[in-house]
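Below is one structure, written out as structure tokens; the observations come after it.
The values are calculated or read from the model by the stated rules, or taken from the named source; none is laboratory data. Note that the coordinates shown come from a computational prediction; the quantities given were computed from them, not determined experimentally. Every residue, glycine among them, receives a Cβ derived from its backbone with ideal geometry; neighbour counts consider all protein chains shown. Heads up: the accessible areas ignore ligands, DNA and RNA and are worked out on the full protein's heavy atoms, side chains in. Shrake-Rupley method; radii C 1.70, N 1.55, O 1.52, S 1.80 Å.
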Amino acid sequence: MAKSLNAGVVVSGLGLWTPEHSVSNEELVASYNAYAERYNQQNAQAIEAEEMAAMPYSSAEFIQKASGIKSRFAYVKDGILDVDRMCPSIPLRASSELSHQAEMSVAAARDAMTNANKTASDIGAVIVSCAYTERAYPAIAIEVQGALGIEGFGFDMLVACSAATFAIHRAYEMIAAGTVDSVLVINPELTSPQVNYCDRDSHFIFGDVATAIIIEREETCQSEHSYDILSTKAVTKYSSNIRSNFGHINRANDTDPFAGDRLFHQNGRKVFKEVCPMAADHIESHINQHGLTPSDIKRWWLHQANINMNSLITKKLLGRDATPEEAPIVLDTYANTASAGSVIAFSLYHEDMEAGDYGVLCSFGAGYSIGSLMLRKR
Ligand code: CO8
């Protein structure tokens, strides 16, 4: 059993940057269906002869019912709805310019620093952790560190949906070990370039966003809203049910660099069935480590992939439906934002918590990976 380090480490600030452009289910379905119709017309003979499968049509009603998603934000909307493109049109930036993910990161980081009453000189390390970084090196975290004028060090981490919780775990451990006094964790989830907008099963799932979290020693905390990190818990179990084969080796494969398997793809039904019980068991055992039960938890800031997954998990834990106040949902407007979802929920729904209230922050997804934190309002 993982022991609580009980190290006097706190979450002292949360930051959120939301893109200005949003894309509704209706808009997305209209462009997907126009693309499918054209494809089916162009290949009518082969489809008729059963040499090719027709592209199936998507529906806004299905998307909302199956996932809870009504719309998503896009860093760049241009191109996503263009049936001749089906991909956002994001301009290349020169190496001398701030990169796209660094720009998103800086915006979320400034919000978190304001909320934590921190300046750049108070931060000892920067972790940028998300599902994809736009390049391998130099690390986005080091670019952000430079842009914000932070001393110390920075590094990037990739853990798909659990990138935020796993990075907070690392920050917690670095502070507990005395390596640094304060860490800025940022999750610039620029997912839209990896969404296959031509795939009916996944074209609706993701949105773009950036979140940030300040973690520091309790002695230095000057925030109005802060949370003791009582412990962290993580588990991973290998599965290819959520996968992207995009990577630096693609150049050497002599295959299509934009093929469907290079983009996000999944067996959603299997993921749903396998991850829900794993996540519920993980959370319950984490809570039990503290001599608590699920009924002691005031707020569940859960991963935001699917509203039905969250309902199932909280029902399994509580033995009843959770209220929207207990387990807030943000995926109706944000969709699945990879690792950032639970942090958005935390960021938007925490200020009413009272001293002594317990909350659980938990991610679950690709890997599979599950990461949780037991938090207590100070
Ligand atoms: N419109 C209409 N019908 C559809 C559509 C659509 N868009 N899509 C599927 N259908 C059809 C199917 O073909 C099927 O038809 P039939 O019954 O005739 O075969 C029927 O609807 C039911 O299909 P499913 O069984 O697939 O539907 P589900 O109820 O399972 O819902 C979901 C599909 C919403 C995908 C659901 O399974 C789900 O959310 N599963 C959980 C997945 C999950 O949590 N994944 C985590 C992914 S996030 C992550 O790990 C981070 C990765 C890194 C980020 C990537 C960024 C790009």
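What to note about this one:
- Alpha-carbon centroids, the stretch 111-182 and the stretch 243-312: separation in whole Å: 22 Å
- Ala74 long-range amide H proximity, modeled H, under 5 Å: His21, Ser22, Val23, Asp208
- Sites Arg38 and Ser95 - FRET efficiency at Förster radius 41 Å, r taken between beta-carbons, to 0.05: 0.60
- Order of exposure, largest accessible area first, which applies to Lys77, Lys273, Lys70 with probe 1.4 Å: Lys273, Lys70, Lys77
- Within the chain, helix-based [θ] at 222 nm, where runs of 4 or more DSSP H residues each add -39,500 (n - 2.57), nearest 500: -9500 deg cm²/dmol
- In sequence order, the stretch 211-226 has phi-based couplings of 10, 8, 9, 9, 10, 8, 6, 4, 4, 9, 5, 10, 9, 5, 10, 9 Hz under the Karplus curve 6.51 cos²θ - 1.76 cosθ + 1.60, θ = phi - 60°, and Gly or Pro positions carry x.
- Between the exposed loop cleavage positions of the chain, defined as chymotrypsin sites (Phe, Trp or Tyr not before Pro) in a non-H, G, I, E, B DSSP state with at most 14 neighbouring beta-carbon atoms within 10 angstrom, the longest gap is 58-237.
- Unsatisfied cross-links (Cα-Cα over 20 Å) in the set Lys65/Lys233; Lys273/Lys315; Lys65/Lys315; Lys233/Lys270: Lys65/Lys233; Lys233/Lys270
- Estimated at 0.36 nm per residue, the fully extended path between Asp332 and Glu354 surpasses their Cα-Cα distance by 5.2 nm.
- Excluding ligands, DNA and RNA, the accessible surface per residue across the chain is 44 Å² with a 1.4 Å probe.
- For the chain, the dipole from Cβ point charges (+1 on Lys and Arg, -1 on Asp and Glu) about the Cα centre works out to 840 debye, to the nearest 20.
- With a cut-off of 13 Å between beta carbons, the residues surrounding Ala44 carry a summed charge of -3, where Lys and Arg count +1 and Asp and Glu -1.
- Heavy atoms of Thr220: accessible area, 1.4 Å probe, square angstrom to 10: 60 Å²
- Kyte-Doolittle mean at least -0.5, axial Cα span of 27 Å or more - DSSP H helices of the chain: 268-288
- If you run the Gaussian network model on the chain, springs between alpha carbon atoms under 10 Å, then out of Ala280, Ala112, Ala34 the most flexible one is Ala34.
- Positive-pole candidate from Ser226, Gly247, Ile186, dipole of the stretch 171-296, charges at beta carbon: Gly247
- Three principal axis lengths of the stretch 227-377 [C-alpha, angstrom, descending]: 58, 28, 27
- Gain on full stretching of the segment that runs from Asp201 to Ile47 - 0.36 nm per residue minus C-alpha separation: 53.4 nm
- Stretch in the chain that is longest and holds no GluC sites (Glu not before Pro) that DSSP places in a loop and that have at most 11 other beta carbons within 10 Å: 225-324
- Theoretical gain in end-to-end length, Ala30 to Arg251 [0.36 nm per residue, Cα-Cα removed]: 76.2 nm
- Neighbour net charge for Ile344 - beta-carbon separation under 13 angstrom, K R +1, D E -1: -3
- 5 angstrom amide H check on Val159, placed H, neighbours 5+ away: Cys130
- Neighbourhood net charge (14 Å Cβ-Cβ; Lys/Arg +1, Asp/Glu -1) for Leu317: 0
- Taken one residue at a time, the phi angles of the stretch 364-378 give Karplus couplings (6.51, -1.76, 1.60, θ = phi - 60°) of 8, x, 3, x, 5, 9, 10, x, 9, 10, 8, 10, 9, 5, 8 Hz. Gly and Pro are set to x.
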